[in-house]
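One structure is given below, encoded as structure tokens.
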């Protein structure tokens, strides 16, 4: 039997998303406060790599309906539906955060013209393309720009991945590695902006898409021995991931963070396969090992991860600027971020998603264009 059936939740992927946001929040709290946890600081110091895991999961989740359609023979989601669903998921929380940050940091804008340029670049998600707008309003927003830029390419990439999953992933990996090689040879491998453009992550997104294909195609292991082997593989993948975090932390601690960025740019080719191995082996592992990732804490963090990501760094900064001591900045920043992200998720994000705003927009488009919609067809 294939791993995922229609309607099943991707609990392991939810757990990995929860793990990714925990790493990023921990990293930001450590970065601002300088406060760490004895013996575990290396995970905080390299926690920015949680973004790679986010992009892997994003590639998995947006391609999963297409991969499942390949197996069931059902129609794939339309391009219009894909963009509407992404807009409904991304825009409300993003625009709320962007508005608040633009008001709070209005003094950063030298003139109304500069403010307009910054806001337009962020609203159009093109702010990653210029050093004048990259990170100008809020640092973490660059990842939303990369994410949406990938969404624009997704309708072109998805059919190709459906036809030839492995070949498509290989081509994306070659393209991304070529970009990273050029950046490194140009002496820009330690420049945060250049190593974090969309081309540098195409294989990470692609690895998520390929993992979705594998996990809707492969069959569940039926024997305890097979499950134990997958569990061993999962332990190994986690060990390699932790070793990578430790290496990045050691480099940044011994030299500076730019040296760590240079290392990541050179080694990122390994992140996609590692994420595939991690997701695949953990999904097939023994239930007891899976349950570590699928605890309520990780699943809850996954649920609020988007809003938690948008707000946590700025909240840390606000506590720091208010003069709170490092331990208080670290603890209060995390707690306040969790509370605010939970409030926005349940008061804004989830009600909008539950209302099926995308469906309402499709109906409106159908009425304006005169084309039949499912609702009108049912009424007829």
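The values are calculated or read from the model by the stated rules, or taken from the named source; none is laboratory data. Treat the numbers as computed from the prediction; the structure is a model and nothing was measured. A quick note on method: Cβ atoms are made from the backbone with ideal geometry, for glycine too, and the neighbour counts reach across all protein chains shown.
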Q: Taking the residues in segment 348-380 that are under 30 Å from residue 308 (Cα atoms) and not in a helix (DSSP H, G or I) as candidates, determine which candidate is modelled with the lowest pLDDT.
A: 356
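Residues checked against (1) within 29 Å of residue 14 (Cβ to Cβ); (2) outside any helix (DSSP H, G or I); (3) free of Cβ contacts under 8 Å to residues at least 60 places away in the same chain:
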residue: 139; (1), (2), (3): yes, yes, no
residue: 154; (1), (2), (3): yes, no, no
residue: 178; (1), (2), (3): no, no, yes
residue: 190; (1), (2), (3): no, yes, no
residue: 216; (1), (2), (3): yes, no, no
Q) Can you find even one residue in segment 294-312 that is in contact with a helix residue (DSSP H, G or I) (Cβ under 8 Å, 6 or more places away or on another chain), crowded, with 18+ Cβ neighbours inside 10 Å, more than 26 Å from residue 141 (Cβ to Cβ) and at pLDDT below 90? A) yes
(Q) With the requirement that a residue be more than 20 Å from the chain's Cα centre (by Cα), farther than 11 Å from residue 195 by Cβ and part of a helix (DSSP H, G or I), what does segment 249-271 give you? (A) 249, 250, 251, 252, 253, 254, 257, 259
(Q) Quick test for you: out of 112, 2, 92, pick the one residue that is farther than 30 Å from residue 250 by Cβ and modelled with pLDDT under 90. (A) 2
Q) When you scan segment 34-74, how many residues do you find that are part of a helix (DSSP H, G or I) and in contact with a helix residue (DSSP H, G or I) (Cβ under 8 Å, 6 or more places away or on another chain)? A) 28
Q. Residues in segment 326-347: is at least one at pLDDT below 85 and either in contact with a helix residue (DSSP H, G or I) (Cβ under 7 Å, 6 or more places away or on another chain) or within 26 Å of residue 51 (Cβ to Cβ) (or both)?
A. no
(Q) Looking at the structure I just gave you, is residue 207 touching a helix residue (DSSP H, G or I) at 6+ places or on another chain (Cβ under 9 Å), surrounded by 19 or more Cβ atoms within 10 Å (Cβ to Cβ), modelled with pLDDT under 95 and more than 18 Å from residue 290 (Cβ to Cβ)? (A) no
Q) Does residue 226 satisfy the condition of being more than 27 Å from residue 15 (Cβ to Cβ) and not in a loop (DSSP other than H, G, I, E, B)? A) no
Q: Taking only segment 280-331 into account, find how many residues are part of a loop (DSSP other than H, G, I, E, B) and either within 15 Å of the chain's Cα centre (by Cα) or in contact (Cβ under 8 Å) with a residue 40 or more places away in the chain (or both).
A: 5
